[in-house]
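One structure is given below, encoded as structure tokens.
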Amino acid sequence: IVENAVKIARMYKKKNNVIVQQGSFHGRTMATAAMTTSKTMYRTGFGAHLPGVFVIPAPYCLHCDCYDEDMASCCLKPLEQLELLLKQQTAPSDTAAIVLEPVLGEGGYVPLDSEYLRRVKQLCVENDIMLIVDEIQTGFGRTGKYFAYEHSLENSEDLPDIVTFAKGIASGLPISGLATSKTVLDNIEMGCIGGTYAGNVVAMAAANATIDVINEEKLIENVNERSEQLTTGLENLKKKGYPIRDVRGYGLMIGLEFNKNVPKGTASTIASYCSSNGLLIMPTSIFETIRFMPPLNVSKNEMSEALEIIENSFEKTFS
């Protein structure tokens, strides 16, 4: 679906190039693999990729040269790099879209700084570039709002030009889609965007039911309550002296990154221990990082049980 978003942007703007962020994941097709920079495994061995893809740094403050623990906000150097890119490598007149994840997924569960995201949107408006926000992993309540961009782009004039979504919209049934304005779609030739399984009625029913459950069972409220419980529990582990460098994220999309000096494979070791004891978690990123993404309807007792298993895994790993 991200590839379709890029096709729409290129057709609508009549420009070819796209800009993506370092550490992003957008897919495994030939086009989206060219846009994916979270790990080399998604690109290696497949030959030439889609041309016209340019990469900028993401505001991953923990690994920025400017990083200081006392910093209150992002230094915005990645924004300066974007401005330089538009002057040195891909002119605005050649650039159709900037594509980004509001929270880096495979890149480490790193939420983009709100001021950075607002400034990127402003830059897009000033340079006639579309902003495509990839919400495939973050959409439909995962971050405590329906869409993660809402944490930063609150005003109607700041809205993304295209939003892609999948995964959470239908509780696991195969469906993906994108949202954009009628003005944009009126300029896209009918039939040039589609797919064999488009409009599958079972998947559509599942999506409608999922949205009903999110609203009727107040799952977004639950996400925010359980998020506070999870992050507080993880921060308490840090206070106990475990080698945790960062706990970050929105809602139930939380990343925990270990200190630089932990052994390689630490995150995988802990994930394996948790799995053996009834808790499914996953490592992510090229750094030693664990991602926590429990179901949106996880209960208080289940979260307490999960935190107990996590602490036991830390005791075993770091003792």
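The values are calculated or read from the model by the stated rules, or taken from the named source; none is laboratory data. Remember, predicted model here, so these are calculated numbers, not experimental data. Note: ideal-geometry Cβ built from the backbone for every residue, glycine included; neighbour counts use all protein chains shown. Just so you know, the surface numbers come from the protein's heavy atoms only, side chains and all, with ligands and any DNA or RNA stripped out. Shrake-Rupley method; radii C 1.70, N 1.55, O 1.52, S 1.80 Å.
Regarding Gly139, is this residue in a loop (DSSP other than H, G, I, E, B), within 21 Å of Ile281 (Cα to Cα) and out of contact with any helix residue (DSSP H, G or I) (no Cβ under 8 Å at 6 or more places or on another chain)? Against the criterion (in a loop (DSSP other than H, G, I, E, B), within 21 Å of Ile281 (Cα to Cα) and out of contact with any helix residue (DSSP H, G or I) (no Cβ under 8 Å at 6 or more places or on another chain)), Gly139 does not qualify.
So which residues in segment 283-294 are open to solvent by 20 Å² or more (accessible area, probe 1.4 Å) and in contact with a Leu (Cβ under 8 Å, 6 or more places away or on another chain), if there are any at all?
If the condition is that a residue be open to solvent by 20 Å² or more (accessible area, probe 1.4 Å) and in contact with a Leu (Cβ under 8 Å, 6 or more places away or on another chain), then Met293, Pro294 are the ones that fit.
Within segment 141-157, work out how many residues are open to solvent by 20 Å² or more (accessible area, probe 1.4 Å) and either within 25 Å of Pro174 (Cβ to Cβ) or among the β-branched types (Val, Ile, Thr) (or both). Count: 5. Of all the listed residues (Lys260, Lys182), the sole one being open to solvent by 70 Å² or more (accessible area, probe 1.4 Å), without any contact (Cβ under 8 Å) to a residue 40 or more places away in the chain and over 24 Å from the mean Cα position of the chain (by Cα) is Lys182. The residue that is farthest from Gly144 (Cα to Cα), among those in segment 245-257 that are out of contact with any Asp or Glu (no Cβ under 6 Å at 6 or more places or on another chain) and open to solvent by 20 Å² or more (accessible area, probe 1.4 Å), is Arg248.
If only residues of segment 124-140 that are under 17 Å from Lys7 (Cβ atoms) and either among the hydroxyl-bearing types (Ser, Thr, Tyr) or within 17 Å of the chain's Cα centre (by Cα) (or both) are counted, the one that is most open to solvent (accessible area, probe 1.4 Å) is Ile136. Within segment 162-177, not a single residue is in contact (Cβ under 8 Å) with a residue 12 or more places away in the chain, more than 17 Å from Ile1 (Cβ to Cβ) and either of a type outside the set (S, T, N, Q) or buried (at least 23 other Cβ atoms within 10 Å of the Cβ) (or both). Just to verify a result, which residue in segment 132-159, among those that are modelled with pLDDT under 95 and acidic (Asp, Glu), is farthest from Gln229 (Cα to Cα)? Applying the filter and picking the extreme gives Glu157.
Do we find a residue being part of a loop (DSSP other than H, G, I, E, B), on the phi < 0 side of the Ramachandran plot and at pLDDT below 95 anywhere in segment 211-229?
No.
Residue under question is Thr40, and the condition is that it be open to solvent by 80 Å² or more (accessible area, probe 1.4 Å) and under 25 Å from Thr289 (Cβ atoms); does it hold? Yes.
Residue-by-condition table, conditions (1) at negative phi; (2) more than 17 Å from the chain's Cα centre (by Cα); (3) part of a strand (DSSP E or B); (4) of a type outside the set (S, T, N, Q):
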| site | (1), (2), (3), (4) |
| --- | --- |
| Asn4 | yes, yes, no, no |
| Ala9 | yes, yes, no, yes |
| Val20 | yes, no, yes, yes |
| Thr37 | yes, no, no, no |
| His49 | yes, yes, no, yes |
| Asp65 | yes, yes, no, yes |
| Asp68 | yes, yes, no, yes |
